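The values are calculated or read from the model by the stated rules, or taken from the named source; none is laboratory data. Predicted model only: the values in this text are computed from it and were never measured. Cβ placement follows ideal geometry from the backbone for every residue including glycine, while neighbour counts extend to all protein chains displayed.
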Amino acid sequence: MDCGEEVSLLRAQLSRVAGVRELHFDVARGLMEVEYSPDATSEEAIRAAVESIGMCCEKWAARPERRSARDWSAAALWVSGGLLAGGMGLQVWHGEGVVETLLAHSHAGAVHHHAMPAAALVCYAASIVAGASLFWRKAWAALRSARADMNLLVAVSLAGAAVLGEWAEGATLAFLYGLSGRLESLSLERARRSVARLLELMPAQAWLVHGDHEHRVEAETLQPGARVRVKPGERVPCDGAVLEGESLVDQSLLTGESVAVEKRAGDEVFAGTLNQSGTLLVEVRRAAHDTRLQRMLRMLEESGSRKAESERLVERFARRYTPAVLLLALAVAVVPPLLGRGGWSGWLYHGMVVLLIACPCAFVISTPVTVMAALASAARNGVLVKGGAFLEAAGRLKALAMDRAGILTQGEPRLARSETLSEEQREEVVQWQRWRAVRGGGIPLTPKWAAAGGMTQAMTERIGALAGEGCTVAARQIGVLEAWCDAPLAAARRQVEALRKLGVERIVLLASDPAPAAEAAARAAGITEVHAELSAEEKAREIERLQQETGAAGMLGDCVADAEAMKRAALGISVASPSAEAAQETADVIVTGPALEKTAFLVAHARRALRVIRQNIGLALALKAAFLAAAATGKATLWMAVAADAGATLVVTLNGLRLLRAPAHPFREE
């Protein structure tokens, strides 16, 4: 399944199968989901219906890498090309010009025949038959369902070429159409393989440790609490924590980090990452179906259902464009002869040319293949975008709000001071925590909220004194106030400037922390707009205000308190961390690794994707317009028409696939 026309064909065919309830298609990944009643139909019946139109299908989970049908189609294509070349060679051998044959079209009489040797004519006819064998069943199915897709248009054009005696042109048409389909399939398969590579990261087996011995087990059977040994050169089979050993682990395909990360006892490791040097003993923390890699894959699969606005716009355009072009082609073929402006054969020929040139394949495929390539590339760089709509939103960001901890700071707070509380003060803290729980949580322990929660002035001032040192105040232990300091991130200023250069003009800090801590981090990062001591609800209100003022505001957060703000933003971005799982469910984008750096990459990558989408739409329109102009002047031929459609489709597909090679993070210091 390589284009929207095949989707229409499949939908028309399967809608006639009793028991089929609902159909969903993802052209970019070649995926068809069928919801059906087992009492009324079966997988075999659905497969037979698909095969009746010249296509084939397998279960998604068991999809093979190569198919015999594809090998057969390649053979038929090259037979068609070989016979075409043979016919041209015979014409040249007999002293006739092949170029003149393809370009000269005089239809003064009822039927026009180019003079050619009989052997060449046989080669051309056989080439047409071999080329048509690739799509005749699709054309027949389109005819039965009264749907004029490209397969039917080419089949009609081949028949018309035969009637008009344009054998060389018909053979060229059949071969070029088959070749374009083959190239389009190979191009899309390349993009699909890039997504499948993530699944290939997961090792099939693992070394399970039992006491003093170990044995191989299926990685999917590992349960939390089990211990596995990972040897040098092996991929980590689970999400877990290192118990023993030290090693360098390559996490590049999950996080986009360019160098291997050192792992030792206590560090987290993730399924699919590559152990490069030492041996590690790892305790499993998550079941196989719940690893970060599996969650990424599930989100990437679900992203296909969240289409970008540009995708929906192209689909709406194609629905109106195709009927209009059919009417235009009919008018070209019928109106001039009725008005006495020429013979029927010549104008029928021009009508077929218009039909082939105007096929909307290039429009339909241009946007989804670009979006899929961009999503796959972003995932390999540690940025998981949950759909094309969110990729487009990232490309249009005008403002970005963010939390402080772990984003503008190093994310490694140290205990700067702790103070023991009296019995009265301890009771104040307990009462305040109850007050906070009643309000739904998400409220930090700051002077502002201490006073709001009923603490005495003396206690509020004591909290203010600790916060005044640029620290975050916490009461994690009963009877103890703690001041935690998190140093500013050295690269934050450079990355904030990078975002501004990308067009994110307004950058705002929305912090739960006390004002001194928030202001210190903002100064270090070059952020001038700071809102501190905010509750989760106040953050959500601030992001709503920012959204109203700018029209496209994002929220970058790393904790549960940021979840509601992410939900109300045009784009919610969450840092991938165990403490941010609730925020990740709400977020539209999840970044792994340095949050600001990955956000800058996301914005740059999304803006590039939008540029490519606009390029594709412009290229498709320009090529169609140029060849329609040639058709209007009588200069275009049938094989040129297919070259125009196939060429436009191939150009926009290859242009979209450029996004598979995302440029290096443009703002990272090497």
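Residues that are out of contact with any helix residue (DSSP H, G or I) (no Cβ under 7 Å at 6 or more places or on another chain) and polar (S, T, N, Q) were ranked within segment 393-441; the one that is nearest to residue 530 (Cα to Cα) is 410. Looking at this structure, is residue 281 at pLDDT 75 or above, outside any helix (DSSP H, G or I) and out of contact with any helix residue (DSSP H, G or I) (no Cβ under 6 Å at 6 or more places or on another chain)? Yes, satisfied.
For every residue, the table says whether it meets (1) in a helix (DSSP H, G or I); (2) modelled with pLDDT under 75; (3) under 21 Å from the mean Cα position of the chain (by Cα).
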| site | (1), (2), (3) |
| --- | --- |
| 606 | yes, no, yes |
| 639 | yes, yes, no |
| 648 | yes, no, no |
| 668 | no, yes, no |
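When 542, 529, 519 are checked against the criterion of being buried (at least 16 other Cβ atoms within 10 Å of the Cβ), of a type outside the set (A, V, I, L, M) and free of Cβ contacts under 8 Å to residues at least 24 places away in the same chain, a single residue qualifies: 519.
Does segment 608-637 hold any residues that are of a type in the set (Lys, Arg) and part of a helix (DSSP H, G or I), and which are they? Listed by number, the residues that qualify are 608, 611, 614, 624. Among the residues making up segment 437-451, those that are part of a helix (DSSP H, G or I) and loosely packed, with under 14 Cβ neighbours inside 10 Å are 437, 438. Checked against the criterion of being part of a loop (DSSP other than H, G, I, E, B) and either modelled with pLDDT of 80 or more or of a type in the set (A, V, I, L, M) (or both), segment 86-97 contains not a single residue that satisfies it. Going through (1) buried (at least 17 other Cβ atoms within 10 Å of the Cβ); (2) modelled with pLDDT of 90 or more; (3) over 23 Å from residue 464 (Cβ atoms) one by one, residue 576 falls short only on (2). On the stretch given as segment 396-438, residues that are free of Cβ contacts under 8 Å to residues at least 60 places away in the same chain and either over 17 Å from residue 513 (Cα atoms) or among the aromatic types (Phe, Trp, Tyr) (or both) total 15. Taking residue 314, is it at pLDDT 70 or above, closer than 30 Å to residue 617 by Cα and buried (at least 19 other Cβ atoms within 10 Å of the Cβ)? Against the criterion (at pLDDT 70 or above, closer than 30 Å to residue 617 by Cα and buried (at least 19 other Cβ atoms within 10 Å of the Cβ)), residue 314 does not qualify. Residue 610 satisfies every condition listed in (1) within 30 Å of residue 170 (Cα to Cα); (2) at pLDDT 75 or above except (1).
For residue 454, the criteria (1) under 17 Å from residue 419 (Cα atoms); (2) at pLDDT 75 or above hold in every case but one, which is (1). Counting only residues that are at pLDDT below 50 and surrounded by 12 or more Cβ atoms within 10 Å (Cβ to Cβ), segment 48-69 holds 3 of them.
Of the conditions (1) of a type outside the set (Lys, Arg); (2) buried (at least 21 other Cβ atoms within 10 Å of the Cβ); (3) more than 21 Å from residue 403 (Cβ to Cβ); (4) at pLDDT below 80, residue 472 satisfies every one except a single condition; which number is it? Among (1) of a type outside the set (Lys, Arg); (2) buried (at least 21 other Cβ atoms within 10 Å of the Cβ); (3) more than 21 Å from residue 403 (Cβ to Cβ); (4) at pLDDT below 80, residue 472 violates only (3).
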